[in-house]
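The values are calculated or read from the model by the stated rules, or taken from the named source; none is laboratory data. What you see is a predicted model; the values in this text were computed from it and never measured. Ideal geometry is used to build each Cβ from the backbone, glycine not excepted, and the neighbour counts take in all protein chains shown.
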Amino acid sequence: MKLFDYARADSVATAARDGAVPGARFIAGGTNLLDLMKLQVETPETLIDISRLPLTAIEEREDGGLTIGALVPNSDLAADPRVIERYPVLSRALLAGASGQLRNKASTGGNLLQRTRCYYFYDPATPCNKREPGSGCSAIGGENRILAILGTSDQCIATHPSDMAVAMRALEAVIVTQKPDGDRRRIAIGDFYRLPGATPEIENVLEPGELITHVELPAAPEGRQTYRKVRDRASYAFALVSVAGIVAVEGGRITAAHLAFGGLGPMPWRNEAVEAALVGQEPTDAAFHAAADALLANARGFGSNDFKIPLTRRTLVATLRELTQEG
Amino acid sequence: MFGFGKDDTNALTMNQPHPDSLLDTGVQGVISKPLDRVDGPKKVTGTATYAAEYAIENIAHGVLVSATQGHAKIKSIDADAVKAIPGVIDVITDYDTFIRNSQQGGETSAPTQGVRTIDYFGEIIAIVVAESFEVARDAAKRLKVDYEPLDDAAFDYEANKDKAEPAPDGLIKGHYDQGDFDKAFENAPVKIDVTYTTPSQNSAAMEPHASIAVWDDGALTLYGAYQMPTSDAQQLAKALGVAQSKVRIISRYIGGGFGSKLGIAPESVAAAIAAKQLGRPVKAVMLRQQVFDATVRRSNTEQRMRLGAEAGGRIVALGHESITSNLPDEDFFEPVGIGTHFLYGGENRRINHDVVRLNWTLSGSMRAPGEAVGMVGMECAMDELAEAIGMDPIALRKVNDPQQDPELKVPYSSRNLTRSLEEGAKHFGWDQRQAPGQRREGDWLIGMGVAAACRSNQLQQSAAKVELHPDGSATVSSAMTDIGTGSYTIMAQIAAEILGLPIEKVTMSLGDTNDPPAAGSGGSWGAASAGSAVYLAAERVREKLAKAMGVKAEDLTLKDGMAIGDNRSVPLAELVGKDGLSAIGEIKPGQQEKQFNQASYGAHFAEVGVNVVTGEVRVRRMLGVFAAGRVLNAKTARSQCLGGMTFGIGTALTEELIHDPRTGKLVNHDLAEYHVPVNADVPQLEVHFLDERDIHANPIHAKGIGELGISGAAPAVVNAIYNATGVRVREMPVTLDKLLDHLPAL
């Protein structure tokens, strides 16, 4: 671990201001950042400790949704009765991630900003464009079992590791931030993350010092909700494929569908063509396969992750069956 | 002092059976009981001191530097830049003395030394020492090393396996042929010819390898996390070029070893050299990634199984030919066929081991070397043979359960394979097993599998001292270790039973080479070897008590601190005198292990669910039935088996070290991506012990148990997957991608 300075922020405003200094990083739970610092994948000059800021409330919104403070621990969010009742997809996604101890420490804002678990990103002894721009991608042509099949570029095939963010993408969450100049932004989660392209080191639209303060969940969409995570062991493993699904059926037809996917791409993945393939259709396997066709139209495997393509199809079809079956 | 020397020795070489045991005639009633671990309270309160936790004054912190090339020469190391970092004390690169890799367990020679030439990615090449761990770690990362890559690297198993050569004879023969295998196989009415593979694995013990080196007047004390301090001290002395008497190892508590701490690892030598050069104590704890990269791995295996049988199931040709890997110039090879030599009959046999030389981490012993992975080949092949014949797999095993060792033609000392299978079948509900692919509950295909368990039993020369103090309490001391297995507890139980003491009256001292030498913890021999040494020492102390009381030893009863005999009852404290009584016990293997094949046996049963959508496999329940001689503590013995069965689940389903074939680099060298089973992967496991005594093994009549639970556990799971799905996956671990293409279309 490289030596660093440490400062505790006493307000959102000072945090955003101090966070804008080059080399500064915010730290809340530190469940990902500290690991990366030990490995010197991350080498901040200064840590701005935001963990004592008053961002730990979960509040009702007028539209029937919830506003979640960025420092709400994952455990608390998963256990909140309103989340369990109205957003079971989110509660399940949270509980599918990490371990009890990590969920106690991990914050809502930090979870959105997790770095990829790509083996090579984690190892400074190997080239990685995300860690060291221009050094090359070791995963292409190397081991890529856990890496992406959608949204990749020739520079990077990393996946975003979060479960929580996948559910939030299906729920069309809005990420609220404060900038160093005091301006606040509301960013739809669909606009928050960036594809790797030629700059895989840039993962989202946050500006220097811009601090996530809240996440807004709009009122829960109509329909049945579930989160299905497929992984290599029963707990404490990142998703090979996950599906956050909210599907409504009325009068024998699908009237609404919200679907997001983990383990497939560099961001919690959503493709509106998948939902369009379902809405208005009868809930049949044919419709489900058409949705999978839409999702996987541009999927590309890199060798050891080829299996994710059929796995995604099967998981999606089975999840849609579960969400639409009668009774 | 009644004419006895203070520390006289009661030595026994197992040349004869030992039918009488004081553990059967003792009346204290503590032996075999499921007592809590005597070291448990210390561990859960954090007061058990592990190697890295000793508070030593003026200690300096060392962090090891890993090579970032897989096969190269070091041209130079730019130490000066790093030495300029505030807090850095020194960068030590002793190219000739540093060890290339860990030493194998039990060896008494120095490990392979010299690190100027890099032979595998992550090899330890230097140690940076600083005033704090954090500064040392930063400096280690920043150290610039200039390499010259070597062009004869072998990083890819598949590309190099054609170059495999016969293994040198070692623990078992490299190649073994009996009868006419080729002809018998060709003529067999039923035959199978299949190849199974298992990947490289890591022990992944919770505690990383750690050493604190303290020199005092030319003598080294090393606080280490080692399984076999007696031989480790010999290895370390030779590696450092000092007399053996100048090296003391203290390993009182060890956070798991599973083979990876049998021999010394690079951190011990580096810490010792640094401490000597700097003239102050140095601590070196391997980073988790370094534990993966630079200690030992279990070799990957490729196993060609050829079984030829008569229609009734009797095996006439048994072929088990394996390829494993190791570094150039290393003698160790994974003894894949070690259990195959004696598990089943069959006159015509071929058990061959070939080794391909790769620039990968050293391969060495990991829990049940040989059986743990070799039984995947053997026991899955038996499942396939049973199906080819149309026979129940348990019936097939019973038909081939031999009356004597099929190669050495000597009797078994004790063997309850068939009984384990039968009792397990009854208890597990084996008769409910259906044809492959027939049982489904919702999205889950359900299947059952069975496999035999076997693990060769070993006795290793070991000594222990028992002291009975004037206050009537006792101390047991030995250089034996407790690596989490329960040695502290079972050794205390043996002493308490023989001396008639409540367990609280026995104080244990283990893991210090200043105490009587012992073989340590490895090969499942610890309990039997060190336990027998305690037995012999306590037996001699008991004789002294009899003498002091004026009765014959056989007429003496010891219970609750009282000596009873000749119609008298006397507190022990009155008999021991002001100096106490003590004796050393020493056990040695003898003719009994040549005259009998000694091994533990059992049977594993598994029920799995395979998700019909995703191919995820979840073990639903497992049962292990084991016969391993006397069970010394029903609780710790059960825990050993639970741990072994859990390892088996890992072998079957999740554990795999992945090497990048371009660089030889281990890509998943941490606990996030090297998947050992977690709680959610491990269902209720059941363990049953059969009542058994082995009078040929040792005076306590116990056999090895630490590795029995893993041996055969994985193939039971794999066979259950076949029963669930009708799909044979022969490549471990059975991850979902290997099943996916064979599942019903959605």
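Data overview
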| item | result |
| --- | --- |
| Scope the range B:112-154; condition in a strand (DSSP E or B) and buried (at least 24 other Cβ atoms within 10 Å of the Cβ); matching residues | B:ILE118, B:ILE124, B:ILE125, B:ALA126, B:ILE127, B:VAL128, B:VAL129, B:ALA130 |
| Residues of the range B:640-689 satisfying the condition of being surrounded by fewer than 19 Cβ atoms within 10 Å (Cβ to Cβ) and under 20 Å from B:GLU423 (Cα atoms) | B:LEU642, B:GLN684, B:GLU686, B:HIS688 |
| Flag if B:ALA714 is more than 14 Å from chain A (Cβ to nearest Cβ) and outside any loop (DSSP other than H, G, I, E, B) | yes |
| Enumeration of residues in the range A:112-148 that are more than 13 Å from chain B (Cβ to nearest Cβ) and touching a helix residue (DSSP H, G or I) at 6+ places or on another chain (Cβ under 8 Å) | A:LEU112 |
| Qualifying residue in the range B:487-501 (condition: in contact (Cβ under 8 Å) with a residue 24 or more places away in the chain and closer than 22 Å to B:SER245 by Cβ) | no |
| Residues located in the range B:81-111, provided they are over 16 Å from B:ALA237 (Cα atoms) and part of a strand (DSSP E or B) | B:VAL88, B:ILE89, B:ASP90, B:VAL91, B:ILE92 |
| Scope the range A:304-326; condition under 30 Å from A:GLU250 (Cβ atoms), part of a loop (DSSP other than H, G, I, E, B) and within 14 Å of chain B (Cβ to nearest Cβ); matching residues | A:GLN325 |
| Selection from the range B:124-141 of residues that are in contact with a helix residue (DSSP H, G or I) (Cβ under 6 Å, 6 or more places away or on another chain) and within 12 Å of another protein chain (Cβ to nearest Cβ) | B:ALA130, B:ALA139 |
| Selected residue (criterion: farthest from the chain's Cα centre (by Cα)) from residues of the range B:543-562 that are small (Gly, Ala, Ser) and surrounded by fewer than 17 Cβ atoms within 10 Å (Cβ to Cβ) | B:GLY550 |
| Residues being of a type in the set (Asp, Glu) and touching a residue at least 24 places away in the same chain (Cβ under 8 Å) - total across the range B:25-55 | 2 |
| Considering residues of the range A:1-17 that are among the basic types (Lys, Arg) and more than 11 Å from A:LEU53 (Cα to Cα) only, the residue farthest from the chain's Cα centre (by Cα) | A:LYS2 |
| Condition met for B:ALA599 (more than 14 Å from every other protein chain (Cβ to nearest Cβ), in contact with a Cys (Cβ under 6 Å, 6 or more places away or on another chain) and closer than 25 Å to B:GLY377 by Cα) | yes |
| Residue count, the range B:646-667 (criterion: in contact (Cβ under 8 Å) with a residue 24 or more places away in the chain and at the interface with chain A (Cβ under 8 Å from one of its Cβ atoms)) | 7 |
| Hits in the range B:609-645 (condition: hydrophobic (A, V, I, L, M, F, W, C), in a loop (DSSP other than H, G, I, E, B), more than 14 Å from every other protein chain (Cβ to nearest Cβ) and more than 19 Å from B:ARG367 (Cβ to Cβ)) | B:VAL631, B:LEU632 |
| Failed item, numbered, when A:GLY301 is tested on (1) more than 10 Å from every other protein chain (Cβ to nearest Cβ); (2) in contact with a helix residue (DSSP H, G or I) (Cβ under 7 Å, 6 or more places away or on another chain); (3) in a loop (DSSP other than H, G, I, E, B); (4) buried (at least 20 other Cβ atoms within 10 Å of the Cβ) | (4) |
| Subset of the range A:247-277 (residues that are surrounded by fewer than 24 Cβ atoms within 10 Å (Cβ to Cβ) and in contact with a Ser or Thr (Cβ under 9 Å, 6 or more places away or on another chain)) | A:ALA248, A:VAL249 |
| Filtered residues of the range B:25-44 (kept if in a helix (DSSP H, G or I) and either surrounded by 13 or more Cβ atoms within 10 Å (Cβ to Cβ) or hydrophobic (A, V, I, L, M, F, W, C) (or both)) | B:GLY40, B:LYS42, B:LYS43, B:VAL44 |
| Flag if A:LEU36 is closer than 22 Å to A:ALA239 by Cα, within 14 Å of chain B (Cβ to nearest Cβ) and either in contact with a His (Cβ under 8 Å, 6 or more places away or on another chain) or not in a loop (DSSP other than H, G, I, E, B) (or both) | yes |
| The range B:47-80 - residue that is out of contact with any Asp or Glu (no Cβ under 9 Å at 6 or more places or on another chain) and surrounded by fewer than 13 Cβ atoms within 10 Å (Cβ to Cβ) and, of those, farthest from B:PHE98 (Cα to Cα) | B:THR47 |
| Single residue of the range B:678-698 satisfying the filter (without any contact (Cβ under 8 Å) to a residue 40 or more places away in the chain and in a helix (DSSP H, G or I)) that is nearest to the other protein chains (Cβ to nearest Cβ) | B:ALA680 |
| Complete set of residues in the range B:47-80 that are in a loop (DSSP other than H, G, I, E, B) and either within 22 Å of B:ILE503 (Cα to Cα) or polar (S, T, N, Q) (or both) | B:THR47, B:ALA48, B:THR49, B:ASN58, B:THR68, B:GLN69 |
| Tally of residues being under 28 Å from the mean Cα position of the chain (by Cα), of a type outside the set (A, V, I, L, M, F, W, C) and either on the phi > 0 side of the Ramachandran plot or surrounded by 24 or more Cβ atoms within 10 Å (Cβ to Cβ) (or both) across the range B:445-473 | 5 |
| Residue within the range B:426-444 that is surrounded by 24 or more Cβ atoms within 10 Å (Cβ to Cβ) and not in a helix (DSSP H, G or I) present | no |
| Residues (assigned to a loop (DSSP other than H, G, I, E, B) and within 17 Å of A:ASN111 (Cβ to Cβ)) located in the range A:18-33 | A:ALA28, A:GLY29, A:GLY30, A:THR31, A:ASN32 |
| Leading residue by the ranking (nearest to the chain's Cα centre (by Cα)) among those in the range B:573-602 that are at pLDDT below 95 and part of a loop (DSSP other than H, G, I, E, B) | B:ASP579 |
| Qualifying residue in the range A:93-110 (condition: farther than 22 Å from A:PHE307 by Cβ, crowded, with 24+ Cβ neighbours inside 10 Å and within 12 Å of another protein chain (Cβ to nearest Cβ)) | yes |
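The rows are residues; the columns are (1) free of Cβ contacts under 8 Å to residues at least 24 places away in the same chain; (2) more than 14 Å from every other protein chain (Cβ to nearest Cβ).
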| position | (1), (2) |
| --- | --- |
| B:ILE700 | no, yes |
| B:GLY706 | no, yes |
| B:GLY709 | no, yes |
| B:VAL718 | no, yes |
| B:TYR722 | no, yes |
| B:ARG728 | no, yes |
| B:THR735 | no, no |
| B:HIS742 | yes, no |
| B:ALA745 | yes, no |
